[in-house]
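Shown next, in structure tokens, is the structure this report addresses.
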Amino acid sequence: MEKILAGLLENMMSQYELYQRVLFLGSEKQPVLVKGDLHELERITREEEGLILQVGRLEEQRLSLHRDLAGRFALSAEELTVSEIINRVDEQTGAQFRQVMDNMTAMLQKLAETNEANTELVRSSLEFVNFYFNILTDNDSAPSYGDKEDSPKGNAAKIFDRKV
């Protein structure tokens, strides 16, 4: 059982480290989004995707270790929470699990906040693009300089056809 506990703890610490890197990339992405540097954004996104794939592999391993540990404690996987593990192990191991979980919780909160900020930056950029796209394609609001009957009113030359 000690081997399973050590493996689970190591797995959780590895996931924490990967999430730290994802958080760093998310923070690095903010000025890139503001500048609109698509090449750098693509590089960061590719790196994030690689990290997320690594997290996914670690999560599969963690679930396997978690099921094994639950069997050792004669509990279902759903019943075996980190709090339950902390209650069933020695004080030092429990403190390590508690520390990893506290770190992970804080990290995931920061990651959620960073992702929300990045989402807002993307949304603002999209609104900006849509605004200018509408200006370039809108034919109802074009200014008119005279009341000539031979020129159609409100039909300015369009730069882009709105049909897609």
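The values are calculated or read from the model by the stated rules, or taken from the named source; none is laboratory data. Source: prediction; values computed, not measured. Because the Cβ atoms are built from the backbone with ideal geometry, glycine has one as well, and the counts that use them run over all protein chains shown. The protein model used for the area step is the full one, side chains on, heavy atoms only, and it has no ligands, DNA or RNA in it. Shrake-Rupley method; radii C 1.70, N 1.55, O 1.52, S 1.80 Å.
Name the residue that is nearest to GLN96 (Cα to Cα), counting only residues in the stretch 14-27 that are out of contact with any Leu (no Cβ under 7 Å at 6 or more places or on another chain) and open to solvent by 60 Å² or more (accessible area, probe 1.4 Å). Steps first, answer last, please.
So the first thing to find is which residues in the stretch 14-27 are out of contact with any Leu (no Cβ under 7 Å at 6 or more places or on another chain), and the list is 16-17, 20, 24-25, 27.
Among the residues that remain, those that are also open to solvent by 60 Å² or more (accessible area, probe 1.4 Å) are: 17, 20, 24.
Numbers: GLU17: 15, GLN20: 18, PHE24: 24 Å.
The selected residue is GLU17.
What about LEU75, is it out of contact with any strand residue (DSSP E or B) (no Cβ under 8 Å at 6 or more places or on another chain) and either within 16 Å of ASN118 (Cα to Cα) or not in a helix (DSSP H, G or I) (or both)?
On the way: out of contact with any strand residue (DSSP E or B) (no Cβ under 8 Å at 6 or more places or on another chain): yes; either within 16 Å of ASN118 (Cα to Cα) or not in a helix (DSSP H, G or I) (or both): yes.
So LEU75 fits the description; yes.
Quick one: is GLU47 open to solvent by 40 Å² or more (accessible area, probe 1.4 Å), modelled with pLDDT of 95 or more, over 22 Å from ALA112 (Cα atoms) and assigned to a helix (DSSP H, G or I)?
Numbers: open to solvent by 40 Å² or more (accessible area, probe 1.4 Å): yes; modelled with pLDDT of 95 or more: yes; over 22 Å from ALA112 (Cα atoms): no; assigned to a helix (DSSP H, G or I): yes.
Judged against the criteria, GLU47 is not a match.
Right, LEU33: modelled with pLDDT under 95, surrounded by fewer than 16 Cβ atoms within 10 Å (Cβ to Cβ) and of a type in the set (A, V, I, L, M) or not?
Numbers: modelled with pLDDT under 95: yes; surrounded by fewer than 16 Cβ atoms within 10 Å (Cβ to Cβ): no; of a type in the set (A, V, I, L, M): yes.
For LEU33, the condition - modelled with pLDDT under 95, surrounded by fewer than 16 Cβ atoms within 10 Å (Cβ to Cβ) and of a type in the set (A, V, I, L, M) - is not met.
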Looking for whichever is over 18 Å from GLN96 (Cα atoms), of a type outside the set (A, V, I, L, M, F, W, C) and either in contact (Cβ under 8 Å) with a residue 24 or more places away in the chain or in contact with a Gly (Cβ under 8 Å, 6 or more places away or on another chain) (or both) here; the options are GLU49, GLU40, GLU79, GLU59. Which one fits? GLU59
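Going by the conditions given, is LEU53 within 29 Å of ALA117 (Cβ to Cβ), assigned to a helix (DSSP H, G or I) and open to solvent by 80 Å² or more (accessible area, probe 1.4 Å)?
Details: within 29 Å of ALA117 (Cβ to Cβ): yes; assigned to a helix (DSSP H, G or I): yes; open to solvent by 80 Å² or more (accessible area, probe 1.4 Å): yes.
It is true that LEU53 is within 29 Å of ALA117 (Cβ to Cβ), assigned to a helix (DSSP H, G or I) and open to solvent by 80 Å² or more (accessible area, probe 1.4 Å).
I'd like the full set of residues that are assigned to a helix (DSSP H, G or I), closer than 18 Å to ASP90 by Cα and not acidic (Asp, Glu), limited to the stretch 1-11. Quick ask: steps written out before the conclusion?
Going residue by residue through the stretch 1-11, those that are assigned to a helix (DSSP H, G or I) are 2-11.
From the residues that got through so far, the ones that are closer than 18 Å to ASP90 by Cα too are 2-10.
Hits for the stretch 1-11 are LYS3, ILE4, LEU5, ALA6, GLY7, LEU8, LEU9.
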What's the number of the condition ARG98 fails, among (1) within 25 Å of PHE24 (Cβ to Cβ); (2) free of Cβ contacts under 8 Å to residues at least 12 places away in the same chain? (2)
